[in-house]
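The values are calculated or read from the model by the stated rules, or taken from the named source; none is laboratory data. Quick caveat: nothing in here was measured; it's all calculated off a predicted structure. Here the Cβ is made from the backbone with ideal geometry for all residues, glycine too, and neighbour counts use every protein chain on show.
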Amino acid sequence: MLRQRTTRTKKRRAWDLPANALAHDLRDFLDWSAAMGFAQPTLTQRLRGLRRFILWCAERAIERPQDVTLPIIERYQRHLHHYRKKSGEPLTFASQHGELVPLKAYFKWLVRERRILYNPASDMVMPRLPKRLPHHVLTIEEIEHILNQADVTTLSGIRDRAMMEVLYSSGIRRIELKRLHMVEVDTRRGSLLVKGGKGDKDRFVPLGERACAWVDKYLNEVRPELIAMRDDGTLFLADYGEPFHPDTLGDCIKRYIEQAGIKVQGSCHLFRHACATHMLENGADIRFIQALLGHAKLTTTEVYTQVSILKLKEIHAATHPARLTRVKDDQSALLGDEEKQALLDTLADEDDEEVS
């Protein structure tokens with residue numbers, strides 16, 4: 001009941017807008033967006049971003065779409081750039097970009113509907129998005145250590161182990177794991193169907209044998225014990241039989257990472273990064289990884305080629321002249337293993353003498 005009250009409060013706050021033309025047109029724009037089949041996360045982003053802009057405009061007595069010009073939008077961009085959160089930190093460029101994207105769509109729609117004569121956002125220069133690499137990619141050993149933290153003698157431990165196995169094997173997102181239904185997982189064929197993924201796209205992805213075995217164990221031994229009176233078919237259920245909330249799911253996975261003694265940021269997405277990186281390092285084609293992860297553009301997947309350091313290290317060790325096993329006059333190729341080690345020891349002694 002508390003969660004329902006919180007949801008209603010957030011909904012009222014979201015529509016706490018001034019009674020002006022900008023806000024009125026926003027409602028029509030969101031209705032049109034929903035009718036065109038845009039996914040709920042897109043609708044939420046548009047409401048959040050445009051609400052922020054309309055409130056900013058209202059403080060400056062800008063109430064109609066016709067009153068908005070390119071200089072006003074650029075002034076709003078500078079406002080976002082200088083804005084500071086309660087923590088004192090600025091908005092990231094990704095967050096600023098996310099706040100401005102709805103403006104472009106909104107004013108484009110207003111022109112199409114002939115509610116304004118020209119689009120003031122058409123010449124808006126968007127912030128450049130930095131191409132950041134994942135801060136930390138878990139190794140295979142770290143993944144196994146995390147998986148082994150689940151106490152599989154308990155119902156919740158079996159469930160959590162099954163969830164982590166699915167995350168690592170399939171590379172699906174947290175929200176995609178939360179939405180999985182039993183009918184979308186085929187453990188006999190080793191596959192699962194991701195419905196309504198990012199961009200509202202469906203895709204089939206493979207599921208490894210070990211993950212299938214843990215899912216079967218969960219379905220046979222655990223899920224029947226968690227089912228509440230109303231069962232909508234959601235695969236993974238929380239302790240009281242309801243589907244997981246995304247934040248609760250993330251906190252659950254994060255606890256196992258902390259128990260393993262691994263200090264990294266993130267939770268579910270770390271398994272997605274690890275899945276893609278480990279497969280690339282073992283020779284998987286990047287286009288297969290693209291299909292697995294559900295990326296619309298190959299450039300999005302290519303980030304994993306930059307964090308897949310293992311193959312690069314092998315090539316570096318095999319071809320770079322400054323190797324530890326290099327010996328003087330390239331005579332090492334003529335020596336046996338014991339002779340090579342003796343020569344390396346001699347060279348190390350010589351280096352020590354030079355330092356001293």
Those residues that are farther than 30 Å from K201 by Cβ, in contact (Cβ under 8 Å) with a residue 12 or more places away in the chain and not aromatic (F, W, Y), I need them from region 17-59; list them, please.
L17, P18, N20, A21, L22, A23, I54, L55, C57, A58
Some residue of region 107-116 being in contact (Cβ under 8 Å) with a residue 60 or more places away in the chain and under 18 Å from the mean Cα position of the chain (by Cα):
no
What number goes with the only condition from (1) in contact with a helix residue (DSSP H, G or I) (Cβ under 7 Å, 6 or more places away or on another chain); (2) outside any loop (DSSP other than H, G, I, E, B); (3) surrounded by fewer than 21 Cβ atoms within 10 Å (Cβ to Cβ) that L110 does not pass?
(3)
Restricted to region 188-208 and to residues being crowded, with 18+ Cβ neighbours inside 10 Å and part of a loop (DSSP other than H, G, I, E, B), the residue farthest from the chain's Cα centre (by Cα) is L207
The residue that is nearest to D28 (Cα to Cα), considering only those in region 45-94 that are among the small types (G, A, S) and surrounded by 15 or more Cβ atoms within 10 Å (Cβ to Cβ), is G49
Among the residues of region 209-228, write down those that are in contact with an Asp or Glu (Cβ under 8 Å, 6 or more places away or on another chain) and either free of Cβ contacts under 8 Å to residues at least 60 places away in the same chain or surrounded by fewer than 14 Cβ atoms within 10 Å (Cβ to Cβ) (or both).
R210, A211, W214, V215, A228
Being closer than 30 Å to A291 by Cα and assigned to a helix (DSSP H, G or I) is the filter here, so list the residues in region 224-252 that pass it.
P246, D247, T248, L249, G250, D251, C252
Taking only pairs six or more apart or across chains, which ones have beta-carbon atoms under 7 Å, a first residue in region 278-295 that is in the same structural domain as L167 (by TED's automatic domain parsing), and a second residue that is at pLDDT below 85 and outside any helix (DSSP H, G or I)?
L280/S308; E281/S308; I286/E302; G294/G197; G294/K198; G294/K201
